[in-house]
Each structure stands twice: as structure tokens, then as C-alpha cells.
1. From Ile63, Ile6, grab the single residue that is modelled with pLDDT of 95 or more, surrounded by 15 or more Cβ atoms within 10 Å (Cβ to Cβ) and not in a loop (DSSP other than H, G, I, E, B).
2. Within the group Arg67, Arg41, which residue is basic (Lys, Arg) and under 15 Å from the mean Cα position of the chain (by Cα)?
3. Check off (1) assigned to a loop (DSSP other than H, G, I, E, B); (2) modelled with pLDDT of 85 or more; (3) surrounded by 15 or more Cβ atoms within 10 Å (Cβ to Cβ) for Val70 and give me the number that stays unchecked.
4. With respect to Leu181, determine if the residue is assigned to a loop (DSSP other than H, G, I, E, B) and either touching a residue at least 60 places away in the same chain (Cβ under 8 Å) or of a type outside the set (A, V, I, L, M) (or both).
5. So which residues in region 83-99 are buried (at least 21 other Cβ atoms within 10 Å of the Cβ) and of a type in the set (Ser, Thr, Tyr), if there are any at all?
6. Just wondering, is there one or more residues in region 139-153 that are part of a helix (DSSP H, G or I), modelled with pLDDT under 90 and more than 30 Å from Gly73 (Cβ to Cβ)?
7. List every residue pair whose Cβ atoms sit under 8 Å apart, with the two residues 6 or more apart in sequence or on different chains, where the first one lies in region 130-141 and is at negative phi and the second, anywhere, is of a type in the set (S, T, N, Q) and modelled with pLDDT of 70 or more.
8. May I ask you to say which residue of Leu129, Leu111 is out of contact with any Phe, Trp or Tyr (no Cβ under 6 Å at 6 or more places or on another chain) and at pLDDT below 85?
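The values are calculated or read from the model by the stated rules, or taken from the named source; none is laboratory data. Values in this document were obtained by computation on a predicted structure and should not be read as measured data. Note that we place each Cβ from the backbone using ideal geometry, even for glycine, and neighbour counts take in every protein chain shown.
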Amino acid sequence: MTTVLIVDDQALQRMGFNMLLEAQPEMTVVGEATNGAEAVRMTAELRPDVVLMDVRMPGMDGIEATRRIVESGGRSRILVLTTFDLDEYAYDALRAGASGFLLKDALPEELVAGVRAVAAGDAVISPGLTRKLIDTFGDRLPGHSPQQQLRLDELTQREREVLTAIASGWTNTEIAERLHLAESTVKSHIGRILTKIDARDRVQAVIFAYDTGLVRPA
């Protein structure tokens with residue numbers, strides 16, 4: 001059973017998400033929060049698999065709540081909801097550690113699929129769209145730390161090639177075809193890359209690639 005915490009300051013929005021998710025046989029909503037501070041507290045108490053997080057809320061917004069939840073080291077993964085596909089809030093939420101984002105007007109089946117994917121450890125955003133966000137807001141990248149450089153140095157040449165491909169928006173199938181690898185080998189490379197750079201998922205790997213200068217905004 002996948003447990004979900006819904007975070008949104010609008011009661012009707014919470015009700016809609018609740019009805020949709022509770023209608024899924026393998027999902028249950030364990031709580032609802034109306035702001036970021038409640039989200040942090042309830043995540044610590046309830047330890048949901050997925051936090052469905054609105055980013056624009058009064059008081060503590062979803063970005064700060066995401067940052068605090070991720071820094072706590074808990075098991076909960078965060079799927080943020082935003083109104084615009086090129087939203088500065090969405091970019092900040094990804095950098096804070098969210099596993100992806102969906103638009104608020106996503107189709108019901110897209111939202112359900114997104115929750116399932118995040119619960120399974122995948123990222124819910126195409127690398128190409130992540131790149132689009134970083135190209136738009138990339139001037140705010142802080143520059144990489146010595147620790148990030150050490151992690152980058154641990155990658156083999158092939159792993160750097162695969163990470164560059166991920167950050168360029170290539171799918172696993174495209175990486176396999178262009179680098180002349182089996183798709184299973186690509187998946188193995190990605191698993192090792194995520195471990196070496198201490199990234200939760202592909203989204204964080206893309207941001208790491210930009211932060212370290214392995215890939216630069218267009």
C-alpha cells in the first residue's frame with residue numbers, strides 16, 4: 001500500500017486529490033496539511049511514501065518544506081505541484097530535493113502515475129524538461145563544491161558520458177543506441193552513477209551535471 005500526504009492550502013484541491021487517490025486500490029491518504037510547516041511536522045509523524053506538495057502556499061512554502069523534509073533524511077519522497085511548466089518555484093523545489101513535479105491541471109491518470117512512479121523511486125519529470133528549467137534559471141547555479149568535485153572525479157569516463165547524456169535529455173533507449181550499449185548496461189551505469197554522486201534520482205543527477213559544469217546551460 002502506497003501512503004500519501006496531501007499538502008495544499010486550498011480545501012477543494014485537497015478534496016479532489018483525496019478522492020482520486022483513495023479510489024486507487026493500492027493507495028491511501030494518511031493525512032492532509034494546509035501549509036509547509038504542517039507538512040514538515042506531519043511527514044515526520046506519518047512517514048508517508050509520497051508527499052504531494054503544492055509549492056505556492058502562505059507562510060512556509062513548499063520549497064522550504066521540501067528542503068526540510070529531504071534534509072531530515074526520512075524515506076518520504078516529494079512530488080511537487082505547480083501551475084506553470086517553467087516555474088521558478090518548480091526549479092527551486094527540484095534543487096531542494098523533490099523527485100519531480102506535475103502541473104496542477106495534469107490529467108487524473110497522470111497524477112496517479114506520478115505518485116506510483118515516485119513511490120517506486122523514479123523521477124517524475126523528463127530530463128529534457130529539467131534541462132529547460134535549468135536553461136531558464138541556470139544563472140542562479142551556485143557553483144559546485146569540493147565535495148561534488150570529488151564525486152565527479154570518482155566517475156569513470158563511460159559514466160561521465162552516460163551522465164552527460166542524461167543531462168542532455170536522452171532516454172535510456174537513446175543512450176543505449178548512441179553509445180552502442182545494451183539498455184540493461186545503461187541502467188546499471190545509471191545505478192552506479194546515482195550511488196557515486198549521492199543523487200536520489202535522475203532529476204538530482206541532471207542538476208549535479210549542471211552544478212559541476214559537466215553540462216552547461218545553452
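1. Step by step, each of Ile63, Ile6 is checked, and only Ile6 is modelled with pLDDT of 95 or more, surrounded by 15 or more Cβ atoms within 10 Å (Cβ to Cβ) and not in a loop (DSSP other than H, G, I, E, B).
2. Arg67
3. It is condition (1) that Val70 fails.
4. Answer is no for this residue.
5. Within region 83-99, Tyr91, Ser99 qualify.
6. Yes, there is a match, as at least one residue in region 139-153 is part of a helix (DSSP H, G or I), modelled with pLDDT under 90 and more than 30 Å from Gly73 (Cβ to Cβ).
7. Here the result reads Arg131/Ser168, each pair linking region 130-141 to a residue that is of a type in the set (S, T, N, Q) and modelled with pLDDT of 70 or more.
8. Just a single option satisfies the conditions, and that option is Leu129.
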